[in-house]
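One structure below.
The values are calculated or read from the model by the stated rules, or taken from the named source; none is laboratory data. Owing to the predicted nature of the structure, the values given are computational and were not obtained by experimental measurement. No Cβ is skipped: glycine too gets one built from the backbone with ideal geometry, and neighbour counts run over all protein chains shown. SASA here: full protein model, heavy atoms, side chains in, ligands and nucleic acids out. Shrake-Rupley method; radii C 1.70, N 1.55, O 1.52, S 1.80 Å.
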Amino acid sequence: MRSSFLSESPCDEQHIHGYGFNPQSWLQVERGKLPKSSYSPSSIESLIKIAEPPVVPLYKPLDYVEVLSRIHEELEQCMPSERSGLYLVQSQVFRGLGEAKLCQRSLHSAWRCASTVHEKVIFGAWLRYKKCGEEIMSDMLAACRKCCREFGPLDIASEMPVGNFQIFGSCEMGSSSRVSSMVTFQIRDGRVTCDRCKIASLSIPFFSMLNGPFTESQLELVDLSENSISLEGMRAVSEFSSTYSLGDLPLEILLEILVFANTFCCDRLKDACDRKLASFVSSRQDAVELMALAFEENAPVLAASCLQMLLQELPDCLTDDLVISLFLGATAQQQLIMVGQASFLLYCLLSEVAMNIDPRTETTVCLSEKLVQLAVTPTQKQIAFHQLGCIRLLRKEYNEAERPFEVAFSAGHIYSIAGLARIASMQGQKALAYEKLSSVIASNLPLGWMYLERSLYSEGDRKLADLDKATELDPTLTHPYMYRAASLMRKKDAKLALEEINRLLGFKLALECLELRICLYLALEDYKSAICDIHAILTLSPEYRMLEGRVAASKIGTLLGAHVEQWNTAECWLQLYERWSSVDDIGSLSVIYRMLESDAAKSVLYFRQSLLLLRLNCPEAAMRSLQLARHHAATVHERLVYEGWLLYDTGHCEEALQKAEESISIQRSFEAFFLKAYVLADSGVDPSYSATVISLLEDALKCPSDRLRKGQALNNLGGVYVDCGKLDSAADCYTSALKIRHTRAHQGLARVHFLRNNRDAAYEEMTKLIEKAKNNASAYEKRSEYCEREQTMTDLQTVTQLDPLRVYPYRYRAAVLMDSHKESDAIAELSRAIAFKADLHLLHLRAAFHEHIGDVPSALRDCRAALSLDPNHQEMLELQKRVNSQEP
């Protein structure tokens, strides 16, 4: 979903006409109400407005490899209590790189290494928040008799360490034969008789009062009526003095005892009461009310229990004024009671959640200011001050934003210069903004974002040159493509404009780029293509708003729907089959979206949608679609299949197999057999699994299904046959798949040709796939394996142009350069990709190259950074061990 940090606040839809754009006016041509004419620059301006890229509130170190390496080294050497903090910083690096899975893994490591209950509670809450929407997984795992409470609530009372409490005095000390061994306490109209010695042992004040030079030490009746404790409470105190435990007491009595224990400094009694009270926190309201008491009476166990309850309700609890007041009003002493030494960690979590809700609110500002106050180390200051600067900048509070950016920059966060340059520009000092970026570029290893930011403060050829350089250094930046496409469209070069934006959309499905392409299509009156992209946007983000947030994408989709051909169910399936066969993933998404609007079998369609989204590298949207497939399943056996896929996709292979088998036991179906075969093929290391997988896929092919799925099954079956060396059977499967237009089977058949020592046939087979597939970067990459070096280099260069995120071409070119003894060029080729993509294989190869030329520190740096990505990668561990042995 489009982050609220990146868009303006949406306006009511009735106001959109006042902003110079009326979607309906673009749709009148086909109705004959407007003359058909070429688009004008002014009409293009009303549609295509490229906003400045945001200064993102993320930790973006200049050299993330160096930072990850340093963190890894510190993790190897630090005290156990320091590890969770290091993993937090590591997670922030990965978050800045856009690596959501690695960020979660670092948080999980932090949770696992947490040295205090407070850290455990906070990291557990953070992980639950990151997994919002996946609650269904717990239910499914429970159905498989597997507990999934890893990040569930802790028993705070049992987890918090117990102190060593002193027992004061003894039964003989200070006693006199003239003084009774019992003492009676007067509580208003009642009395409680206690063992004098045992009551005295609870604290120094009691010991002094009952055995010291005080009047009470000689009395057998002591009046405690003014000490706010009831008869029942005092009886519980008396019982505790003998047993050191509190029974099942009501909340009111425990509160009395807590106050009483504090009054008389009875630490052991207070601790027992504190732990008992922790079990009474069962709602947000309880947490807020009891937290106030915990602060007043210094009850850390109760406070931790209240905190856990509040964090369990993220993000909703941050919309509660009482909760916000509690977090914002907590003094340093109260924070110590509530969260121990983990205050920075807590407010780091809270400010992140608040930004995701709405970065412009006063709550977000205040939580970020709290984080700034708690920042101590240079890294903490970089994270906290930069974040606050970004929030202030977004709120157009330029004077207030300047100092946080300056502090972050001074602490070493070079990316914060982007915020300082924006402020200078807003204050009318565009030349100064340009100079700031130029200075950073001259002083550091240039990165794509630096040239992108500098381009904002120049015009004409100089601006375009900076944008081109930004794309060269970091092809994943979206703004340069969008600016160039919009510029070309204003020059009435629609074909080049579409080619430019398609360059990015070929490998990165960015919503803002889809939106721009929709505007280009609307300007060209190509409503069929426009609605296709609208459907893709709505599939990825149903609530997405276009045109600077002024109009819902669904509204434009409705308007466009009246101007495109309508299909019945049979025609939709034919269209889906056509697009799926041509590997047109966005086109396929559009057809499925249309079908979902009808009364078609929704579960099947949502499942197909999830497959496409996985192919487009949109795992969160894919998970959402798969959950919808489960929700709409018409039968139990169908629902079990979707549950199996959900479990498989989240790493629960054994449970996924269990679901598949349960579904088959109810009804033999294609999808159940296919699921079981897929999971076994992916997880089984035993060669005997191959025969089982073949049998399962054959069973699947005997069951009813459509050609799209049967083509996939035949393709998978062919792959298993190849792995078993049965090339003839594999070729038959691939040929059968191609007959029903499963286009990707060309790749499998090419592999068969290659294994038969027929490289020319393999090359031709891949050429057929390239010609048929709309998305064909992977086909070029695979074809490169079947040709001579010159053609291989050409194909791999094409791959990099189509999808610069594919790492194999960089590795191949680097290896060729290394073979040619061009070591510096080989390392530079890998560094070019590493700058914008954190990839273990790239780092592994660069580390090996560094080792080869004797650069041990650089090799060790890359080893450590790579192990940050995958700590258990065996080859990396071996390389690191070898390099370590060479270190002086």
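The table below gives the values:
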{"item": "Between the stretch 473-511 and the stretch 796-827, the alpha-carbon center distance in angstrom", "result": "25 Å"}
{"item": "Anisotropy class of the stretch 804-886 from Cα gyration tensor, a/c 1.5 cut", "result": "oblate"}
{"item": "Among (1) 33.3, 101; (2) 30.6, 103; (3) 33.2, 115, the entry that matches Rg and Dmax of the Cα atoms in Å as calculated here", "result": "(3)"}
{"item": "Two-site FRET efficiency, Thr184 against Phe280, from Cβ-Cβ distance with R₀ of 22 Å, rounded to 0.05", "result": "0.10"}
{"item": "FRET efficiency for Cys265 and Arg360, using Cβ-Cβ distance with R0 set to 60 Å, rounded to 0.05", "result": "0.80"}
{"item": "Distance from the stretch 639-661 to the stretch 76-96 (C-alpha centre basis), Å", "result": "33 Å"}
{"item": "Label-to-label distance, nm, for residues given as Thr735 and Arg112 (7 Å Cα→Cβ offset)", "result": "5.0 nm"}
{"item": "Label-point gap, in nm, between Thr243 and Glu548 - each point 7 angstrom along Cα→Cβ", "result": "7.1 nm"}
{"item": "In Å², nearest 10: area of Tyr451 left accessible to a 1.4 Å probe", "result": "30 Å²"}
{"item": "Which listed pairs, of Lys130/Lys495; Lys508/Lys726; Lys463/Lys837, have C-alpha distances above 32 Å, in listed order", "result": "Lys130/Lys495; Lys508/Lys726"}
{"item": "Those lysines that a straight Cα-Cα span of less than 20 Å connects to Lys381, excepting residues fewer than 8 apart in one chain", "result": "Lys60, Lys370"}
{"item": "Degrees separating the helix 856-869 axis from the principal Cα axis of the chain, which is the longest one", "result": "80 degrees"}
{"item": "Charge dipole of the stretch 706-791 about the Cα centre (unit charges at C-beta), most positive-ward option of Ser729, Ala762, Leu708", "result": "Leu708"}
{"item": "Net length gained if the chain between Met793 and Asn757 were fully extended (0.36 nm per residue, minus Cα distance)", "result": "10.8 nm"}
{"item": "Fraction of beta bridges assigned by DSSP in the chain that are antiparallel (%, nearest 5)", "result": "75 percent"}
{"item": "Given charges at beta-carbon only (K, R positive; D, E negative), |dipole| of the stretch 706-791 in Debye", "result": "400 debye"}
{"item": "Helix 823-834 vs. the chain, principal-axis angle (Cα, 0 to 90°, nearest 10)", "result": "70 degrees"}
{"item": "Furthest towards positive pole of dipole, Thr319, Ile694, Ser683, structure part the chain, Cβ charges", "result": "Ile694"}
{"item": "Accessible surface, the stretch 804-886, averaged per residue in Å² (probe 1.4 Å)", "result": "44 Å²"}
{"item": "Whether the stretch 706-791 is rounded, prolate or oblate, judged on the alpha carbon gyration tensor where a/c under 1.5 counts as rounded", "result": "oblate"}
{"item": "Lysines whose Cα lies under 17 Å from that of Lys492, excluding same-chain neighbours fewer than 8 positions away", "result": "Lys36, Lys49"}
{"item": "Relative contact order (%) - the chain, alpha-carbon pairs under 8 angstrom, separation at least six", "result": "10 percent"}
{"item": "FRET efficiency, 1/(1 + (r/R0)^6) with R0 25 Å, evaluated for Gln427 and Lys463 via beta carbons", "result": "0.75"}
{"item": "Order by protection proxy (mean Cβ within 10 Å, highest first), peptides 247-253, 776-782", "result": "776-782, 247-253"}
{"item": "The stretch 371-417 and the stretch 616-638: distance between their alpha carbon centers, rounded to Å", "result": "41 Å"}
{"item": "Helix 619-631 axis, angle to the chain major axis (alpha carbon atoms, nearest 10°)", "result": "80 degrees"}
{"item": "Sparse-neighbour loop sites [trypsin sites (Lys or Arg not before Pro); the stretch 226-296; at most 14 other C-beta within 10 Å; DSSP]", "result": "none"}
{"item": "Spin-label pair Glu252/Thr331, simplified geometry with 7 Å Cα→Cβ offset, distance in nm", "result": "3.0 nm"}
